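Written below as structure tokens is the structure these notes are about.
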Amino acid sequence: MRYDLDDLRLFLHTVTEGSITAGAARLRLSLPSASARIRALEHHAGVTLLVRGRRGVRPTPAGATLARHAREVLDRAALLESAVGSYVRPDTAPLRLLAGGSAMHHLVPRALASFLSVHPHIDVAVSECRTPLTVRRLAAGEADLGVILNDGAHDDELRTESLGDDSLVVIGQRGGTLSGRTAVSYEEVAEHPLVGLNAESSLRLWIEARLGEHAPAVRYRTTVAGPGVVVELAAAGVGLAIVPRRTFDPDQPLDVCELLEPWASREHLLAWGAGPVADSAEITALADHIRRATRSRRPHSPEPPGPDTAG
């Protein structure tokens, strides 16, 4: 059998999104065209690949097998293109990726580890950058991809897609101050000693910009450079901490509470630069590895608040 790479991309996006419509949108195809391609792929394979339902589609066992091998084939195809292209364009500039502090801690390292391992001839220049500046640089064509926050994505010309939740939560030592609680307000948090990031960190600046001039003063027992250290100190009982939900692993010895402030609800977006090569194979591949990195670990999800624990 012969498989078309574009058909494999469409099928893989469809399985990932759970919808032919969404899969078509990822490749900028019309729904009728995408549906016809999927049907032709099933006819070519001689077996049903998708189960259609009112809420979307899911792969059959044969479809799941095809999706798994399609991912490997597409990674290999991108590697082949990169390897051959390295002889034609030896001085190709690195891809330019921008991301804020939260994404730089957990999302970007995982995406780079997988991308760079299968694309040894592609370099990536990564910079930590707050969302407003990232948006401006993407719009000016000064970067290829950016991971931004939804509340700062005010440029309607940018192409974006959701990468999932990056909401802020309050963490503390298991069995400590937060024990038995599922949600707290910022005013309650401010009554306790905190550990946090340095004053110049993007997350600290982001929070303080939303507190307003009448917010309660807090006592930081210490401030450090990385979110991982903040989590370790909070787990050790040094103080409470406000961190993105994806900063820590579910199995760490922590009590976790929702932060009740409206600004604590955040979402990560993947945004493309306005340059002429925005849809190049290399940028498309890096974007796909960033998407995969968001799904590689399930963030901690507290139990829903009970009647006496929301505070």
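The values are calculated or read from the model by the stated rules, or taken from the named source; none is laboratory data. If you're wondering where the values come from, they're calculated on a predicted model, not measured in any experiment. Counting neighbours? That spans all protein chains shown, and the Cβs are built from the backbone with ideal geometry, glycine included. Ligands, DNA and RNA are stripped out before the accessible areas are found, and what is left, the full protein with its side chains, is counted by its heavy atoms. Shrake-Rupley method; radii C 1.70, N 1.55, O 1.52, S 1.80 Å.
Just a few scattered comments:
- Between 0 and 90 degrees, the angle of helix 101-118 with respect to the longest Cα principal axis of the chain falls at about 30 degrees.
- Crossing angle, helix 281-294 versus the chain [Cα axis fit, 0-90 degrees, rounded to tens]: 40
- Surface exposure of the range 1-73, expressed per residue as accessible area with a 1.4 Å probe, stands at 61 Å².
- Only Lys, Arg, Asp and Glu carry charge here, each on its Cβ (+1 for the first two, -1 for the last two); on that basis the chain has a dipole of about 1000 debye about its Cα centre.
- Taking every DSSP helix (H) stretch of at least 4 residues in the chain, weighting each as -39,500 (n - 2.57) and dividing the sum by the residue count yields a mean residue ellipticity at 222 nm of -13000 deg cm²/dmol.
- For the range 125-184 versus the range 202-228, the inter-centroid distance based on Cα atoms is 16 Å.
- Relative to the longest principal axis of the Cα atoms of the chain, the long axis of helix 31-45 makes an angle of roughly 60 degrees.
- Antiparallel %, DSSP beta bridges [both residues in the chain], to 5: 60
- When the chain is treated as a GNM with alpha-carbon contacts under 10 Å, the residue of 107, 203, 49 showing the greatest mean-square fluctuation is 49.
- The Rg/Rh ratio for the chain is 1.02, where Rg is the radius of gyration of the alpha carbons and Rh is the Kirkwood radius.
- Taking trypsin sites (Lys or Arg not before Pro) in DSSP loop states with no more than 11 other Cβ atoms inside 10 Å as exposed sites, the chain has its longest site-free stretch at 56-218.
- Extension reserve of the residue 7-residue 128 stretch, reckoned as 0.36 nm per residue once the Cα distance is removed: 40.0 nm
- Normalised convex hull volume, the range 1-145, alpha-carbon set, Å³ per residue: 152
- Across the accessible surface of the range 92-246, with the other protein chains kept in place and a 1.4 Å probe, carbon and sulfur atoms take up 50 percent.
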